Amino acid sequence: METGVGYDQDSRVVLHPLVYLADGDEVTIGRRDIDSYGVFPSDGAELVRRLAAGDTPNEVDRWYRSEYGESADIEHVLAALDELGFIAGAEVAHEEPGPVRGQRLGAVLFSRPALLGYGLLVAWAVLAMVRSPDLAPTYRHLFFTEYFTVIELALAAGALPLIVLHEVFHVLAARRLGLRSRVSIGRRFYYVVLETNLDGLVTVPRRQRYLPILAGMLLDGLAFSTLTLAADLTRSADGAFSPVGRVCLALAFATLLRLAWQLFLYLRTDLYVLVTTLLGCVDLHTTAKRLLRNRVLAAVGRRDRMADESQWHPVDRRVARWYSWLVVAGYTFSLALFVVAVAPAIYRMFAGAIGRFSGATSAQLIDSTLFLGLNLSQVLFTVWLAARERRQRRAQKFQHVIA
């Protein structure tokens with residue numbers, strides 16, 4: 001890659017259109033069209049502004065010397081700008097990024113009237129559950145049919161569009177601000193996951209970042225409310241849930257579990273991102289876990305193995321004093337949720353599927369065989385994939401030692 005050394009110090013350096021956001025003594029500078037951002041000290045940001053305004057590197061250096069009494073190390077600055085992709089050719093000097101797709105749709109979906117409507121929908125669902133307790137979420141709603149394979153496949157099929165919409169809400173909430181947020185496909189172990197890139201939020205004021213961060217949870221709440229109301233509105237004349245209503249309640253319970261997952265604060269959930277954004281943390285997740293480890297080591301008298309807390313970012317260290325207890329609360333909540341809501345459903349499914357082999361109809365035997373085979377294949381695939389990745393790591397380590 002070409003560095004700043006290759007630039008003529010007496011010629012203008014053309015920069016792409018940049019955005020600037022001051023936050024305390026630091027300024028975030030970036031290109032929204034490619035999601036490339038850097039954090040500069042305030043004097044460095046002013047230096048970049050002068051380059052963008054048309055000053056030559058030598059002119060900027062002379063200004064810096066007169067202002068601060070020392071050299072700006074302009075070649076190092078140019079190299080950094082080049083690495084970030086901020087430096088452009090003369091032919092694209094005044095190109096402006098094109099309009100962001102979905103910006104108008106995002107503005108409509110997250111307008112004040114829309115948010116008011118969302119609030120009324122959630123309130124309606126809560127009122128319906130208070131009026132009819134049989135609408136309240138319970139793991140028993142998962143069993144809308146006696147066939148466990150149908151339940152598992154229906155929940156998977158119903159969850160997919162809701163997960164996509166969760167990420168789309170993140171994207172549209174950011175795009176309404178003119179940010180080129182996007183959804184990408186990744187992999188966690190053998191699971192395919194959707195990931196939303198919201199890097200551009202660093203270039204907007206902090207108060208404007210909260211809605212894009214929470215938009216996915218908003219969608220989950222709306223989905224839960226809509227499914228609950230659909231079950232209520234499709235009851236039969238005698239008040240019993242219709243087949244469609246029972247499926248809606250099963251999907252509503254699964255959606256609520258995904259929403260509750262956001263409270264697992266030992267993970268980097270949307271609520272974690274909200275806290276770090278609100279308080280200006282750098283790596284609160286790592287700091288909080290290291291602090292908990294230090295507390296355990298201190299309690300067992302192993303202070304010699306404790307991490308040096310002075311090396312942590314001061315904001316992270318201060319917030320971790322109380323956030324680390326929320327991490328413990330997150331572990332406790334996830335365990336309680338598993339015991340109360342997940343384990344009973346798993347037990348009922350597997351106990352029911354195995355118990356049918358002692359006497360059941362042909363359809364039930366086929367269902368139990370498919371259900372157990374489907375889940376066993378997932379377990380075996382997980383074990384195989386873990387073993388393969390372990391062999392690959394060992395092979396790479398051996399090759400590194402040989403090299």
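The conditions of being part of a strand (DSSP E or B) and either more than 28 Å from the chain's Cα centre (by Cα) or aliphatic (A, V, I, L, M) (or both) are met by Ala22.
Could you identify the single residue in Leu153, Leu201 that is modelled with pLDDT of 90 or more and on the phi < 0 side of the Ramachandran plot?
Leu153
Taking the listed residues Thr255, Thr226, the one that is touching a residue at least 24 places away in the same chain (Cβ under 8 Å), on the phi < 0 side of the Ramachandran plot and open to solvent by less than 30 Å² (accessible area, probe 1.4 Å) is Thr255, with no other qualifying. Of all the helices (runs of 4 or more DSSP H) wholly in segment 25-129, which have at least 1 residues that are within 30 Å of Ala215 (Cβ to Cβ)? In segment 25-129, 42-53, 103-109 are the helices (runs of 4 or more DSSP H) which contain 1 or more residues that are within 30 Å of Ala215 (Cβ to Cβ).
On the given criteria, is Leu105 open to solvent by 40 Å² or more (accessible area, probe 1.4 Å) and out of contact with any helix residue (DSSP H, G or I) (no Cβ under 7 Å at 6 or more places or on another chain)? No: the conditions fail for Leu105.
Let's see how each residue does on (1) within 31 Å of the chain's Cα centre (by Cα); (2) under 23 Å from Ala250 (Cα atoms):
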| position | (1), (2) |
| --- | --- |
| Leu335 | yes, yes |
| Tyr347 | yes, yes |
| Leu372 | no, yes |
| Ser377 | yes, no |
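To keep it simple, each residue is scored yes or no on (1) assigned to a helix (DSSP H, G or I); (2) among the hydrophobic types (A, V, I, L, M, F, W, C); (3) more than 23 Å from the chain's Cα centre (by Cα); (4) closer than 30 Å to Phe143 by Cα.
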position	(1), (2), (3), (4)
Leu249	yes, yes, yes, yes
Trp322	yes, yes, no, no
Val328	yes, yes, no, no
Phe338	yes, yes, no, yes
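Applying the set (1) open to solvent by 20 Å² or more (accessible area, probe 1.4 Å); (2) touching a Leu at 6+ places or on another chain (Cβ under 6 Å); (3) closer than 30 Å to Leu105 by Cα to Leu265 leaves exactly one unmet item: (3). Scanning segment 66-82 for residues that are open to solvent by 50 Å² or more (accessible area, probe 1.4 Å) and either of a type outside the set (D, E, K, R) or modelled with pLDDT of 85 or more (or both) yields a total of 5.
The values are calculated or read from the model by the stated rules, or taken from the named source; none is laboratory data. This one's a predicted model, so the numbers in the text were calculated from it and none came from an experiment. Cβ: placed from backbone, ideal geometry, glycine included. Neighbour counts: every protein chain shown. Note: areas computed on protein heavy atoms with side chains; ligands, DNA, RNA excluded. Shrake-Rupley method; radii C 1.70, N 1.55, O 1.52, S 1.80 Å.
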